[in-house]
1. Express as a percent, rounded to the nearest 5, the fraction of DSSP beta bridges in the chain (both residues included) that run antiparallel.
2. Taking the mean number of other Cβ atoms within 10 Å as a proxy for protection, how do you rank 237-243, 69-75 from highest to lowest?
3. Let me know the number of lysine pairs in the range 64-139 closer than 26 Å at the Cα, not counting same-chain pairs under 8 apart.
4. For Gly260, enumerate residues with amide H under 5 Å from its amide H, sequence gap 5+ or separate chain, H modeled in the peptide plane.
5. Grab the Cα-Cα distance for Asn497 and Lys65, subtract it from 0.36 nm times how many residues apart they are, and report the gain in nm with one decimal.
6. With the dipole of the range 538-632 worked out from charges on the C-beta (+1 for Lys and Arg, -1 for Asp and Glu) around the Cα centre, which of Asn556, Leu600, Ile618 lies farthest toward the positive end?
7. Using R₀ = 56 Å, calculate the FRET efficiency as 1/(1 + (r/R₀)^6) where r is the Cβ-Cβ separation of Glu558 and Cys150; round to 0.05.
8. Spelling out what I want: for every residue of the range 431-440, take phi, set θ = phi - 60°, compute 6.51 cos²θ - 1.76 cosθ + 1.60 (Karplus), and round to whole Hz; glycine and proline get x.
Amino acid sequence: MNNDKIFYITTPIYYVNDIPHIGHAYTTIACDTISRYKRMKGYDVHFLTGTDEHGQKIQTAAEAKGQTPQQLVDEIHLNFKRLWEVLNISNDDFIRTTEPRHIKIVQAIFKKLIEQGDIYKGTYSGYYCVPCENYVPESSMGENKTCPDCGRPLTIMEEESYFFRASKYVPDLIKFYEEHVKAVMPKIRYNEIMSFLKSGVKDQSVSRTTLKWGIPVPGDEKHVIYVWFDALINYMSAMGYIDDPEKFSRYWPHVRHMVGKDIIRFHCVTWPLMLIALGINLPVEIIAHGWWTREGDKMSKSKGNVVDPFEMVKEYGLDPFRYFLLREVPFGNDGDFSELALVGRINSDLANDLGNLLNRTLQMIKSYREGVVPSCVNPQSELSELALKTLENVDNAMNNYSFDEALKLIWELIGRANKFIDETTPWKLAKDEAQNERLDFVLLNLYEALRLSALLIAPTMPDTAKRIWQQLGLEGEPVKMLYEDFSWGQGAGKTINKAEVLFPRIDINEWKKSREEKKKLEEVKEEVKEEKIEHEAEISIDDFKTVEMRVAKIINVEEIPRSKKLYKLEVDLGYEKRTVCSGIKAFFTPEELNGRTVVLVTNLKPVKLCGVESNGMILAASVKHDGVSEKLTLLEPADKDIPLGSRVS
Ligand code: MSP
């Protein structure tokens, strides 16, 4: 393989002190998309992600949960692995900084830098929060030198520390960046880094004695290595630095890091300085993206407005979520996550533009050519010209990590194809025998526009591309194809499959209504949380045993004319049938109740309710607010095959 066609891309490794959120999803989806794109361009791609598992944050989070740090990281890193599966991420490796392959390399590098005099022992002094056991940089201190986390006053603390001689290599790094102006992207971040470098960089403290959860300094184990020094090295340790020189020398010269704008100093200053000291090539590109807000607000756990990627995928589907993140804002800029905007894009870009093009084209091939894509002598057209130009322009955009621009270009092609239908009016051509060849030409062109669109959207929306591919009657999977193999007209002779709706339109009024209901329920839940929970007096197991509960099936539901709240239910206990009045009318229609298997209290004294004798009580859980049930759910046995009449205890 051509040596220029190698691409090694990394995400930051994520802290496991918290659950994954949109920020994590965003970088990883962007890296996944560029990896898939490069693979389709014939590159040998290596895509790395992982988790950052040492440091104060992890130690504190573990203490709060009553776990050891190791237990915490073993548990939480799985959330990230699960999210990458849900988001269809095609990473080639996943590194954890607690793995031996990483620890070994970090210690070897630390030792090497000590030996060559680039790490030395000194005294670290800084503002320290004693309760949080944490140094606080001046830039993040609260008013009157207080801790940004707990608000208590900070004290100046001194400790013995190892220092990395960062200052020594700053001139080399400035020179490198002057010669490689695209090494940090976008330009605004490049300028930021250059002015930071020129303002002077101090030697950096790279060990701690106040913390236990970290990689020990080799030969001086009362120190652990500072978490950022440890974390940055993951990019090398996962690549087999020392252990697999062949792999390392193959991929390292092509390494690119994608990061959020908040961590560029570590990546564009500390890390390259470490690499210069080690005599190792600097990253080809460091690409910084912006931050997401939610409906205009900064996201934070305390505000409860953090976008949960699992929830978004469940609600709107994976590919719409991936598409939205990359299409909505230029990579590098900050962006606002609004669900209304997401719904808007689903309806207009996905359902209308792409979905309709597919549907109309397939219907016409089916109706006018019995489902077989026609051939024609010269399939070149205005559409084919635009398509080939789109391939080229998308490539330029992708090489600049302009995902939004690439998608815009693809949608221009889709829009042009839709217009091509309106202009060529195939339904009129189909009525005129003399226009047979023209109709063949039109249908083949539309089919080819769709085939190319599927290939072009595949890196961003792999599943959707596959669904289009299948409907077009093509073998294999778009993500496994090469762009260079595409040529206009090849699709002639293919037999299409049944047309299916790609993205159902979301009814905006219904959506708004359900949003409001959801919001109301959330508010009630919050209020309920704050309400005092009233507990009943203690009872003995013998008291409890006097309540007879059995599995029953609802076999008939009737309204009680005099009652707004009650239903008259007939239930089957297997050994007998009974009538029960139940106050659940506000929550269910009769159809929703009929046939359900429930739990019935069978030894309650019969009572007459609205003129009907009730013989038992159906169990349900409810959220009550001011004594009124706001939400209610029936208790049902998990295994519906359990015989009716079985005792619940
Ligand atoms: N562990 C370090 C990285 C070490 S890399 C050698 C770290 N982890 S993190 O989990 O806190 O953050 C990871 C990434 O999430 C960062 O790139 C950060 O920019 C990104 N985001 C966190 N919140 C974000 C948004 N609201 N929007 C977009 N990205 C954001 O930092």
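Every number in this text was worked out from the coordinates using simple rules, so none of it is lab data. The structure presented is a predicted model; accordingly, all values stated were derived computationally and were not measured. Neighbour counts are summed over all protein chains in view; Cβ atoms, including those assigned to glycine, are modelled from backbone coordinates with ideal geometry.
1. For the chain, the DSSP antiparallel bridge percentage is about 70.
2. Details: 237-243: 19.7, 69-75: 17.4.
Descending packing order for the listed peptides: 237-243, 69-75.
3. Details: Lys65/Lys81; Lys81/Lys104; Lys104/Lys112; Lys104/Lys121; Lys111/Lys121; Lys112/Lys121.
Lysine pairs meeting the criterion: 6.
4. His289
5. Details: separation 432, 0.36 × 432 = 155.52 nm, distance 5.36 nm.
Using 0.36 nm per residue and subtracting the Cα-Cα distance, I get 150.2 nm.
6. Looking along the dipole axis, the top candidate is Asn556.
7. Numbers: r = 60 Å, r/R0 = 1.08.
Efficiency, from the Cβ-Cβ distance: 0.40.
8. Here the 3J(HN,Hα) series is 8, 10, 3, 5, 9, 3, 5, 4, 5, 4 Hz.
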